[in-house]
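Here the structure comes first, spelled out in structure tokens, and everything after it is commentary.
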Amino acid sequence: MKQLVLDMGLSTGPSLDNFCAGPNAAALDHLQLWLGQPGALRSPVPTYLWGPGGCGKTHLLTALRVALQARGEQVGWLDAGVAQMPEFDARWRAVLMDDVHALDATQQQAAFNWFVNAQTQQIAVLAAGGQPPADLKLRDDLRSRLGWGHVFALQTLDDTQRRQVLRANAQSRGLVLSDEVMDFMLTRFSRDLGSLMELLDLMDGYALQTQRAITIPLIKTMMDNV
């Protein structure tokens, strides 16, 4: 039972298609246009996404990384958790940098070198951080480069928007979420939309397996079996 629930319910991972845009539709449209079709020419102008935790920055960058790699394209990836930064590779089709506000001095040096090489090679840099470019506590040459291209301020969804997204996604699957169920989801689980969507995936699989409607007792039973 436990393994079956996990197999049926787990999310397939971040993608542009499963990003719930809400007030961030402009950023999503921009990235979809940039990604384009396989083999399409892409703009080398950099893109910077900024906003608070939980607004979807990492989801979007990871989705781009997955999409590019699925097409057989190589990308450079840097975030604050990367200890050993590889040398810039001219075969990269994009440079992706997450949580740039948290980069240490060594990582900032690598990010700057990647940025300069990417510009020389006409390769786009797509980055994300917690503050607008002007407020980033980074070396000046890196901060200025992050801010000269496309800049999008991402917002987290409020509870009303979360409920609208959950209800619409459930309806697209043929599911009905009562107000009580959504109250339970928002008070008992992470309010991050990505986590809520993974929970909905799990609920959908379990409801299909057990041939039951989604109710609070069903969710409690499901979690006991995960």
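The values are calculated or read from the model by the stated rules, or taken from the named source; none is laboratory data. Computed from a predicted structure; not experimentally measured. With ideal geometry, Cβ positions are generated from the backbone for all residues, glycine too; neighbour counts draw on all protein chains shown.
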Kindly list the number of the only condition in (1) among the β-branched types (Val, Ile, Thr); (2) surrounded by fewer than 18 Cβ atoms within 10 Å (Cβ to Cβ); (3) closer than 22 Å to CYS55 by Cβ that fails for VAL116.
(3)
So, in region 149-172, of the ones that are closer than 24 Å to LEU61 by Cβ and of a type in the set (Val, Ile, Thr), which residue ends up modelled with the highest pLDDT?
VAL151
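If a residue has to be exposed (fewer than 13 other Cβ atoms within 10 Å of the Cβ) and not β-branched (Val, Ile, Thr) to count, how many in region 70-108 make the cut? Even if it seems obvious, please write down each step before you answer.
Residues of region 70-108 that are exposed (fewer than 13 other Cβ atoms within 10 Å of the Cβ), as a first pass: 70-72, 74, 81, 83-84, 86-87, 90-91, 104-106.
Imposing the further condition that a residue be not β-branched (Val, Ile, Thr) reduces the set to 70-72, 74, 81, 83-84, 86-87, 90-91, 104-105.
Here the count works out to 13.
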Those residues that are crowded, with 16+ Cβ neighbours inside 10 Å and either within 18 Å of PRO14 (Cα to Cα) or in the same structural domain as GLY53 (by TED's automatic domain parsing) (or both), I need them from region 171-202; list them, please.
ASP192, LEU193, GLY194, LEU196, MET197, GLU198, LEU199, LEU200, ASP201, LEU202
Scan region 47-64 and tell me whether some residue there is outside the structural domain of ARG162 (by TED's automatic domain parsing), within 23 Å of LEU199 (Cα to Cα), under 20 Å from the mean Cα position of the chain (by Cα) and surrounded by fewer than 15 Cβ atoms within 10 Å (Cβ to Cβ).
yes
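Every residue, every condition in (1) among the small types (Gly, Ala, Ser); (2) under 23 Å from THR62 (Cβ atoms); (3) touching a Pro at 6+ places or on another chain (Cβ under 9 Å), yes or no:
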position: GLY174; (1), (2), (3): yes, no, no
position: THR187; (1), (2), (3): no, no, no
position: ARG191; (1), (2), (3): no, yes, no
position: ASP201; (1), (2), (3): no, yes, no
position: LEU208; (1), (2), (3): no, no, no
position: ILE214; (1), (2), (3): no, no, no
position: ILE219; (1), (2), (3): no, no, no
position: ASP224; (1), (2), (3): no, no, no
